[in-house]
Structures are given as structure tokens and as C-alpha cells.
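S.K.: Dropping the structure in here first, questions after.
The values are calculated or read from the model by the stated rules, or taken from the named source; none is laboratory data. As the structure is a prediction and not an experimental result, all values here were calculated from the model. Here the Cβ positions follow ideal geometry from the backbone for every residue, glycine too, while neighbour counts run over all protein chains shown.
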Amino acid sequence: MKTIELKHPLIEHKLAILRDRKTGTKEFREIIKEISMFLCYEAMSDAKLDEVTVETPIEKMKTGKLNEDNYAFVPILRAGMGMLEGVINVIPNAKIGHIGMYRDEKTFEPINYFFKVPKKIEKKEVVILDPMLATGGSAIDAIDLLKSKGVKKIKFLCIIAAPEGIKKVEKKHPDVQIYCASIDSHLNENKYIVPGLGDAGDRIFGTK
């Protein structure tokens with residue numbers, strides 16, 4: 001599946017604020033949340049609706065309604081938590097899992113330290129959240145973990161993606177649809193996305 005990049009003037013505007021090194025923690029968090037909502041709307045464009053009957057102030061009508069219990073959001077800790085509030089605003093009754101990973105500063109490989117997902121996760125559509133898709137290592141490990149639990153339908157939402165990471169994920173997991181706000185230029189020698197926006201986790205939580 002080809003990665004879906006949101007193309008919209010408002011998204012570019014919001015990204016410009018995110019990328020600016022002078023943007024403070026509060027505004028950075030708020031914009032991560034806003035862009036995450038837009039990504040979730042796009043990711044749900046193929047959602048299946050159940051037919052229900054509702055009564056408006058005028059008359060009864062048949063319409064479609066989402067079974068929110070069929071969905072789970074799984075942020076990759078810790079930066080993925082910054083996206084969680086935005087997507088929950090869209091599907092508030094979705095279940096929440098967590099995958100804990102950090103990057104080895106010498107090998108640049110992800111190290112897993114926590115994995116907790118809702119019951120019957122294999123019956124749900126799972127949306128992984130991580131602001132940055134850089135090398136693709138964390139994304140692939142997260143997808144591997146979920147597939148090992150029997151999950152069949154997985155989507156990956158990120159704010160910024162590097163072509164190198166996209167290529168690796170698409171090769172290893174061609175059935176997983178990636179959604180991002182921007183596909184940036186490349187990875188530098190330290191495996192950071194260029195031009196990127198720095199370390200998303202540090203900027204979301206104000207730890208640097």
C-alpha cells in the first residue's frame with residue numbers, strides 16, 4: 001500500500017509551527033493533537049458503518065454508525081502518547097494499548113520493554129501511533145508484536161516520515177497502511193529525520 005501523505009495548506013501551516021525550534025511545549029503538544037485528529041479522520045475513510053435507526057426532531061431515519069469497540073489505538077511509548085488525545089477525540093470509545101520502546105543510541109535499533117494490549121485485540125482494527133517514522137525499526141517491531149497476537153488489520157499514523165523508514169515498513173509489512181502529515185527528505189548520520197522537527201518525545205514532554 002502506498003503511504004498516504006496529507007496534502008493541505010492547514011497541515012503545512014501547522015507543521016511549520018511544529019518544526020520551529022522556538023515553538024514551546026504547550027503549543028507543540030496542542031498541534032500534535034490537532035494533526036493527529038486529521039490523520040485519524042483520513043485513516044477512517046474506509047470504516048464500515050452499521051445501519052441504525054435514529055429519531056431526529058423531525059422524523060425517524062436510517063443512517064450509519066461506527067461500532068467503536070472494533071477499534072484500538074496503540075501508541076508507541078513515549079512519544080506516541082502525544083497523539084493519543086487527538087485520536088480519542090475522534091473515536092472516544094476505542095480501546096487503548098501501549099508498546100514501550102526506546103532507541104539504542106549506539107546501534108539505533110529499537111529495544112522493547114513494555115507490551116500491553118486490550119483483550120480480544122485480534123478482533124479489532126489496530127491503529128499504531130508514533131509521531132516519527134525514521135528508520136522504521138520501531139514501527140516494524142510494533143507491527144510484529146501485534147501480528148503475533150493475531151491482529152489482522154493494522155494502520156500506522158505518524159506526523160513526519162522519512163523515505164527510508166517508509167521503504168522498510170512497506171517491504172516488511174505491505175498490508176499495513178501508513179498515514180503521515182509529511183514525507184521529509186532523508187535521515188542524517190544520527191538517524192534523525194531531515195528537516196524533521198527534532199526529538200518529538202522531548203518536545204512533547206519538555207524533557208530537553
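S.K.: Would you confirm, using the coordinates I've provided, whether residue 80 is more than 19 Å from residue 145 (Cα to Cα) and of a type in the set (Gly, Ala, Ser)?
M.R.: Criteria not met by residue 80.
S.K.: If you go through segment 176-190 one residue at a time, do you hit one that is farther than 26 Å from residue 24 by Cα, of a type in the set (S, T, N, Q) and surrounded by fewer than 17 Cβ atoms within 10 Å (Cβ to Cβ)?
M.R.: No: zero hits.
S.K.: Could you pull out every one of the strands (runs of 3 or more DSSP E) wholly within segment 98-208 that has 1 or more residues that are hydroxyl-bearing (Ser, Thr, Tyr), in contact with a strand residue (DSSP E or B) (Cβ under 9 Å, 6 or more places away or on another chain) and at pLDDT 95 or above?
M.R.: Qualifying strands (runs of 3 or more DSSP E): 177-183.
S.K.: Looking at 2, 62, 33, can you tell me which residue is under 19 Å from the mean Cα position of the chain (by Cα), exposed (fewer than 10 other Cβ atoms within 10 Å of the Cβ) and not aromatic (Phe, Trp, Tyr)?
M.R.: Of 2, 62, 33, the one residue that is under 19 Å from the mean Cα position of the chain (by Cα), exposed (fewer than 10 other Cβ atoms within 10 Å of the Cβ) and not aromatic (Phe, Trp, Tyr) is 2.
S.K.: Something else about it: Name the pairs whose Cβ atoms lie under 8 Å apart, with the first residue in segment 1-20 and of a type in the set (A, V, I, L, M, F, W, C), the second assigned to a loop (DSSP other than H, G, I, E, B) and surrounded by 14 or more Cβ atoms within 10 Å (Cβ to Cβ), and 6 or more positions between them or separate chains?
M.R.: 1/176; 15/197; 17/23; 18/197
S.K.: Within segment 41-59, identify whether any single residue is of a type in the set (Ser, Thr, Tyr), surrounded by fewer than 19 Cβ atoms within 10 Å (Cβ to Cβ), farther than 12 Å from residue 131 by Cβ and touching a residue at least 40 places away in the same chain (Cβ under 8 Å), and answer yes or no.
M.R.: Filtering segment 41-59 down to residues of a type in the set (Ser, Thr, Tyr) leaves 41, 45, 53, 56.
Checking which are surrounded by fewer than 19 Cβ atoms within 10 Å (Cβ to Cβ) leaves us with 41, 45, 53, 56.
Still in the list and also farther than 12 Å from residue 131 by Cβ: 41, 45, 53, 56.
Those left that are additionally touching a residue at least 40 places away in the same chain (Cβ under 8 Å): 41.
Scanning segment 41-59, I find at least one residue that is of a type in the set (Ser, Thr, Tyr), surrounded by fewer than 19 Cβ atoms within 10 Å (Cβ to Cβ), farther than 12 Å from residue 131 by Cβ and touching a residue at least 40 places away in the same chain (Cβ under 8 Å), so the answer is yes.
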